[in-house]
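In what follows, a single structure is set out as structure tokens and then discussed.
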Amino acid sequence: MHENRLLIGWGRADITPDKPVLISGQFHARVSEGVADAITATVLVLQLEREHLVMVSCDCVCIPDVLRDDVRLRLAAIHPDIDPMKVVLHATHTHTGPEFRVECPFSETGIDLDVMPIEEYVHFATERIVEAAAKAWETRVPGKIAFGQGYAVIGHNRRWVDVDGNSTMYGNTDTSLFSHIEGYEDHSIGVLATRNLKGVLTGLVINVPCPSQVSEEEYLLSADYWCETRAELRHRFGEDLFILAQCSAAGDQSPHIIFNRLAEERMLRLKKCTLRQEIALRIADAVTTVLNCLETEFDDAPVLMHHVEMVDLALNVLTKSDAEFARMEADKFSKQYRKAKKELEINPEIREKPRWYFAVTYAYRRMKWYQGVVERFEAQKRQKKLPVEIHVIRLGEVVFTTTPFEYYLDFGIYIKARSQAVQTFLIQLAGQGTYVPSQRSVLGGGYGSVPASNHVGPEGGRQLAQTIAMVIRNLWSDNKDYSVPQNSDSESR
């Protein structure tokens, strides 16, 4: 009955924890002190004949393997006709979502805190994500898709360079040493719309090259600007509208500007709105403009190809001096940690103060961060490659492609520039990966572009970008083998 027609299913889940949790996204621990707005997961299912895709967007900082693998295992147990490797989870990269990571410096605190264990929250969220994904699969029906690109200023490069070539993330630019902003910005807004055969708009995929981090230092759980964006879009197009958010390559991007701040703050006061509300209006206006152009563009039988590629990326090569510097920094923060912990033992009344754990957890996590460099230096003789999973999905003249990393924009632009698709949706943090910095950012240094920040450096980042570009090219060719040989010279091809 539905042969050669696209089937579409949507689902969503509220994954807001019912207990205090660790909030992810800063060196110091943050225990959630309430809920500003719901933490959600949104599911889109696409199927054409035997090919399919289950895409899940989560309001969190990243997707650890344990969450991804558990969702895949449980979903395949309910619906054996779903290929677990066709299930893709990715994060909006909010810094006000629950901590998902079980094994990393930011999942540890160095002191007991009264929070839901991370493993318990992962189980809590997994059950609800699986339930939403199963419902999306079970309710898939014939539908149509259309796509378009708009523009809105959301993300800004957050790194500036001084006259000596040193880069800084954020910080004060009101200095005679200021030279320039380090890199490019991408203000494109990717839109994929779905509607049923009655012509009713059912859902939107929205791709923004910017993390959702306006409220990144708060202690309330929140989806950040995606909360206001979803509300505005549902106000315009219907309360039942599904909205799947994607964060494109944006490892060096932020919704915070680092100059012209006074002008921005003044305009927000004059508009009587917050930055989150302003961003929501910008995205909604861009989406509305795109949708107004798509009436004749909806397709019920686009090409659907879903290719999964395993890539062995070159690890960041650490030097002896990298390890020595990291060891000194780890020792410095170890002393601070022990001092702060001793003070808590001597003066337990400190625990009665709000956020008493700030200093001790900051020192502990910085210590672990630097210790990780030393451990990687000692291990690099045994392990020189990092296996990573990427997905490249062709949907008509659109391509979706994933990276597990917080991927600097230079690599995203490279992929878009070489893509054979009419429109390319890059999706970062479809995994737990760390920063992958550009070559120019490593020369400048600073947070995000130093050894402690990245397991994979510019070499691996470019290798990944080249591989993705070649898989995309192969999906648009007559070649039925879409894989890229690991030892091939991707650039020459």
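For the chain, what proportion of DSSP beta bridges, expressed in % and rounded to the nearest 5, is antiparallel?
Antiparallel: roughly 75 percent of the beta bridges in the chain.
Show me 26-34, 176-184, 345-353 ranked by packing, highest mean number of other Cβ atoms within 10 Å first.
Result, highest mean Cβ count within 10 Å first: 26-34, 176-184, 345-353.
Of H123, V87, V61, which is farthest on the positive side of the dipole of segment 36-137, counting Cα position, with +1 on Lys and Arg Cβ, -1 on Asp and Glu Cβ, and the Cα centre as origin?
Farthest towards the positive pole: V87.
Arrange the peptides 367-377, 424-434, 217-227 so that the one whose residues have, on average, the most other Cβ atoms within 10 Å appears first.
My ranking of the peptides, most packed first, is 424-434, 217-227, 367-377.
For a footprinting-style exposure proxy, rank H235, H391, H93 by other Cβ within 10 Å, fewest first.
Ranked by crowding around the Cβ, least crowded first: H235, H391, H93.
Please get the size of the charge dipole for segment 1-56, origin at its Cα centre, with Cβ charges of +1 on Lys and Arg and -1 on Asp and Glu, quoted in debye to the nearest 20.
80 debye
If you line up the long axis of helix 261-271 against the longest principal axis of the chain, both from Cα atoms, how many degrees apart are they, to the nearest 10?
Here the helix axis deviates by roughly 50 degrees.
As a quick test, which of the pairs K332/K353; K86/K135; K320/K381; K332/K384; K144/K198; K320/K385 have an alpha carbon distance above 21 angstrom in this structure?
Beyond 21 Å between Cα atoms: K332/K353; K332/K384.
Just the number: Rg to Rh for segment 317-460, Cα atoms, Kirkwood Rh, two decimals.
1.12
Pull out a ≥ b ≥ c, the square roots of the eigenvalues of the alpha-carbon gyration tensor of segment 123-190, then state rounded if a/c is under 1.5, prolate if not and a/b is larger than b/c, and oblate in the remaining case.
Because a/c hits 1.5 or more and a/b fails to exceed b/c, segment 123-190 counts as oblate.
Using the alpha-carbon atoms, what tilt in degrees (0 to 90, nearest 10) does helix 358-379 show relative to the longest principal axis of the chain?
Once rounded, the angle reads 80 degrees.
What percent does the relative contact order of the chain come to when contacts are Cα pairs within less than 8 Å and at least six residues apart?
Taking the mean separation of contacting Cα pairs over the length of the chain, I get 18 percent.
Could you please rank M116, M85, M470, placing first whichever residue has the fewest other Cβ atoms within 10 Å of its Cβ?
M85, M116, M470
What size of dipole, in debye to the nearest 20, comes out for the chain about its Cα centre when the only charges are +1 on Lys and Arg C-beta atoms and -1 on Asp and Glu C-beta atoms?
So the dipole magnitude of the chain works out to roughly 500 debye.
With no solvent and one equal point scatterer placed on each C-alpha of segment 320-379, evaluate the Debye formula and give log10 I(q)/I(0) for q = 0.17, 0.27 Å⁻¹, two decimals.
The computed values of log10 I(q)/I(0) come out as -0.58, -0.99.
When the Cα centres of segment 158-182 and segment 62-109 are compared, how far apart do they sit, in Å?
Between the Cα centres of segment 158-182 and segment 62-109 lies a distance of 36 Å.
Could you tell me the center-to-center distance, by alpha carbons, between segment 288-351 and segment 424-464 in angstrom?
About 10 Å separates the Cα centre of segment 288-351 from the one of segment 424-464.
Sort 52-65, 251-264 by packing, meaning the average of other beta carbons within 10 Å per residue, with the highest value first.
52-65, 251-264
What is the calculated FRET efficiency for M267 to R236, with r their C-beta to C-beta distance and R₀ = 35 Å, to the nearest 0.05?
The computed FRET efficiency comes out at 0.95.
Quick one: work out Rg over Rh on the C-alpha atoms of segment 291-353, Rh as Kirkwood radius.
Result: Rg/Rh = 1.48.
What is the angle, in °, between the Cα long axis of helix 320-346 and the longest principal axis of the Cα atoms in the chain? Nearest 10 is fine, range 0 to 90.
Tilt relative to the chain: about 70 degrees.
If you line up the Cα atoms of the chain on their principal axes, what length do they span on each, largest first, in Å?
73, 51, 50
What FRET efficiency comes out for H187 versus E127 if R0 is 30 angstrom and r is the Cβ-Cβ distance? Round to the nearest 0.05.
Efficiency computed from Cβ-Cβ geometry: 0.20.
Throughout, read-outs are computed from the coordinates displayed, never taken from laboratory work. All of these numbers come straight from a predicted model, not from anything done at the bench. With ideal geometry, Cβ positions are generated from the backbone for all residues, glycine too; neighbour counts draw on all protein chains shown.
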